[in-house]
1. What number does the stretch 77-167 give for Rg over Rh if you use C-alpha atoms and the Kirkwood radius?
2. Straight-line reach from K203: which aspartates and glutamates have a Cα under 16 Å away, not including same-chain ones fewer than 8 places off?
3. Between I88 and Q150, how many nm apart are label points set 7 Å from Cα along the C-beta direction?
4. Rounded to the nearest whole Å², what accessible area per residue is found for the stretch 3-213 with the 1.4 Å probe?
5. In whole angstrom, how far apart do the alpha carbon centroids of the stretch 16-68 and the stretch 173-210 sit?
6. With an 8 Å cut-off on Cα pairs and a minimum separation of 6 or more residues, tell me the relative contact order of the stretch 3-213 in percent.
7. Apply the Karplus curve 6.51 cos²θ - 1.76 cosθ + 1.60, θ = phi - 60°, to the phi angles in the stretch 90-105 and return the couplings in whole Hz, x for Gly and Pro.
8. Ratio of Rg to Rh for the chain, alpha carbon only, Kirkwood?
Amino acid sequence: MHYYIITYNGSTPGQSGEQCGTEYDFTNACEICGTGVELKGNLKVKGISKTKRDYFETINGDCIISKRLKEVICQEISNFEVVQVVDIINQPQEFYHLYTRLSLPKSKETSAGFVRENPCSVCNRNGYFNDATIGSPTIIKPLELRYNYQDFKNSPDSVVLKTWECVGQSNRKNYGNNVIRYARPWIIVREDLKNIFDKERIKNLHFEQIKIEGSVQQNL
């Protein structure tokens, strides 16, 4: 089975996560910057209730799918699981959070297509950004994440995975002009989920196949 990184290039309606009072578990997070936090319960959101899209990212980088798309996916993939999002007073919304607690290990040193900016000196997990050539238009360079086949043995047949690498900066505390924020990982989806997105003609999504080495079939 092939796996693909999702890149979203559409507009980002609404807020989510730390800006909306979402609770997080810091058990395995960096004690300095907070990268690696996990959700406690539902993702809290605001400003998305009138959105008509089936897929989008919030300003904070959380991936959201509509109830309609969730139902389409569940008809074809039996082990697809997502949790409904709620507003800031815990009222359920007609959207679901594309999220998983299953994280891949750090990608191989031969991975490419990203740049680093001010990563945390303790965990070194944040500060990742898609590499780009700035111009008219700006061109986002392809992400090429590489893994060993053994990296997937702890998550066999998983529909959604996340990367160890996290995009953007993290701040566990407010200081100066910096507000509390936790860098999000890249989201990786299994081929059958990608095929549903393609079939449903979900806009503003781009997929890049990850490279899995050391298996019977290279570039799985």
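The values are calculated or read from the model by the stated rules, or taken from the named source; none is laboratory data. What you are looking at is a predicted structure, and each value in this text was computed from that prediction instead of being measured. Note that we place each Cβ from the backbone using ideal geometry, even for glycine, and neighbour counts take in every protein chain shown. What goes into the accessible areas is simple: the full protein's heavy atoms, side chains included, and nothing from ligands, DNA or RNA. Shrake-Rupley method; radii C 1.70, N 1.55, O 1.52, S 1.80 Å.
1. Details: Rg = 16.8 Å, Rh = 16.0 Å.
Rg divided by Rh gives 1.05.
2. Partners within reach: D54, E57.
3. Once both label points are built, they end up 4.8 nm from each other.
4. In whole numbers, the stretch 3-213 has 52 Å² accessible per residue.
5. Result: 12 Å between the Cα centres.
6. 26
7. 6, 8, x, 10, 7, 9, 10, 8, 7, 8, 8, 8, 7, 10, 6, x
8. Working: Rg = 17.1 Å, Rh = 18.1 Å.
A ratio of 0.94.
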